[in-house]
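Quick notes on the structure that follows.
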Amino acid sequence: MVSPFVSATWLRHRLLDCLKNIRVVDGSWHGPSSKNNGKKDFERQRIESAVFFDIDEASDKKTDLPHMLPSPEEFAEYVGKLGISNNHHVIVYDNNPEYGVFSSPRVWWTFRVFGHNDISVLDGGLPKWVSHGYPTVSGPSPIPIPLLYKATYQPHLVRTMHQMLDNCKTRAEQVIDARSQGRFVGTSPEPRAGLPSGHMIGAINIPFSKLLNPETGLMAPKHHIQEDPHPSTIMSVSFSHLVFENAGVDLNKPMVASCGSGITACTLALGAAILGKEVPVYDGSWTEWAQKAPKDTCKFGIKS
């Protein structure tokens, strides 16, 4: 299995070498309150040879919940049209200027859910790539040559609402919530209109941003990332370990990650992967739970 992360320098060297097994994917996505658009951002500035993975488009259209996982067949068709095969090492990034790593972990997790383990996140994302002075391109991207792709669903990486309800009784898995503290405790509004803030009873709050280095926009510890000669203050495994433990998580027990709609929960899953832990994601997350779960399993805050 490949490293969960690669550095900008590592990727630049591989692209210069024209390695045919590398596929670069832009997974930029912005929340419902943002005026930005990932597809438009992609056409404005991207890494050359990148294709755009639309998180909202590659989703289950039969539900009113946002960007739920598609079926294996739908995923295979979508990814194949991007010119990606099962043999490619996929490098995914996003362009979030504040975090560097924001929506790309969702794409990382989605590929793994469908059996593609050769996928890595570009640490620091497009902002780090640009800060190194590496080239970007703009304008409409070439249409990829479609390839055959076979998706193999991995249910152990996903949790459904039914499974989460069972977990409320058994407490077999610790629920870790990646949203901000304000949204979790209920003092700040949710970005989705009409949805109350708050949390699932028994959940533990670990804001995803705590796993990111605010000085560098980087996430990975050095011995889990391909070597980058540029100086940085990349967080260590011990620091990531402390983030989980300081929140009250027992790293010797199973976990399941949640958030608002299944995006930043994947950052917690990625952070856990650094520690050698396999953490599934509750796909529906708080958006589903707050609307459909029994009220005695929720602690509600203010309504947006």
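Label reach from Lys253 (point 7 Å along Cα→C-beta): in the stretch 180-211, amide nitrogens under 18 Å belong to 200-206. Note on the chain: GNM, Cα springs under 10 Å; of Lys81, Lys277, Lys292, the largest mean-square fluctuation is that of Lys292. Sparse packing (at most 10 other Cβ atoms within 10 Å of the Cβ) combined with a DSSP loop state is found for the following trypsin sites (Lys or Arg not before Pro) in the stretch 1-44: Lys20, Lys35. Gain on full extension, evaluated as 0.36 nm per residue between Lys277 and Leu16 minus their Cα-Cα distance, stands at 90.6 nm. The residues of the stretch 143-201 present an accessible area of 54 Å² per residue when probed at 1.4 Å with all protein chains retained. Pick out which of Val51, Val185, Val107 has the largest mean-square fluctuation in a Gaussian network model of the chain, springs linking Cα atoms closer than 10 Å. Per the Cα network of the chain with a 10 Å cutoff, Val185 tops the list. Per-atom-type breakdown for the chain gives carbon and sulfur 53% of the accessible area (1.4 Å probe, protein chains only).
The alpha carbons of the chain stretch over 56, 42, 35 Å along the principal axes, in descending order.
In the stretch 188-214, whose amide N lies under 11 Å from the spot 7 Å out along Cα-to-Cβ of Ile302? List them in ranges. Only 188-190, 197 fall inside the zone, counting backbone N under 11 Å. One quarter of the convex hull surface, Cα atoms only: what value does that give for the stretch 1-151 in nm²? Result: 8.7 nm². How far, in degrees from 0 to 90, does helix 72-81 lean away from the longest principal axis of the Cα atoms of the chain, to the nearest 10? Roughly 30 degrees, rounded to the nearest 10.
For Gln174, nonlocal amide neighbours, meaning residues 5 or more places apart or on other chains whose placed amide H falls under 5 Å from its own, are Met255, Val256.
Taking every C-alpha pair closer than 8 Å and separated by at least 6 residues, the mean separation divided by the residue count of the chain gives a relative contact order of 22 percent. Placing pseudo-labels 7 Å out from each Cα toward the beta carbon at Thr187 and Gln291 gives an inter-label distance of 2.8 nm.
The values are calculated or read from the model by the stated rules, or taken from the named source; none is laboratory data. These numbers were taken from a predicted model, which means no experiment stands behind them. Positions of Cβ are generated from backbone atoms using ideal geometry, with glycine treated the same way; all protein chains shown enter the neighbour counts. The accessibility values were calculated without ligands, DNA or RNA, using every heavy atom of the protein model including side chains. Shrake-Rupley method; radii C 1.70, N 1.55, O 1.52, S 1.80 Å.
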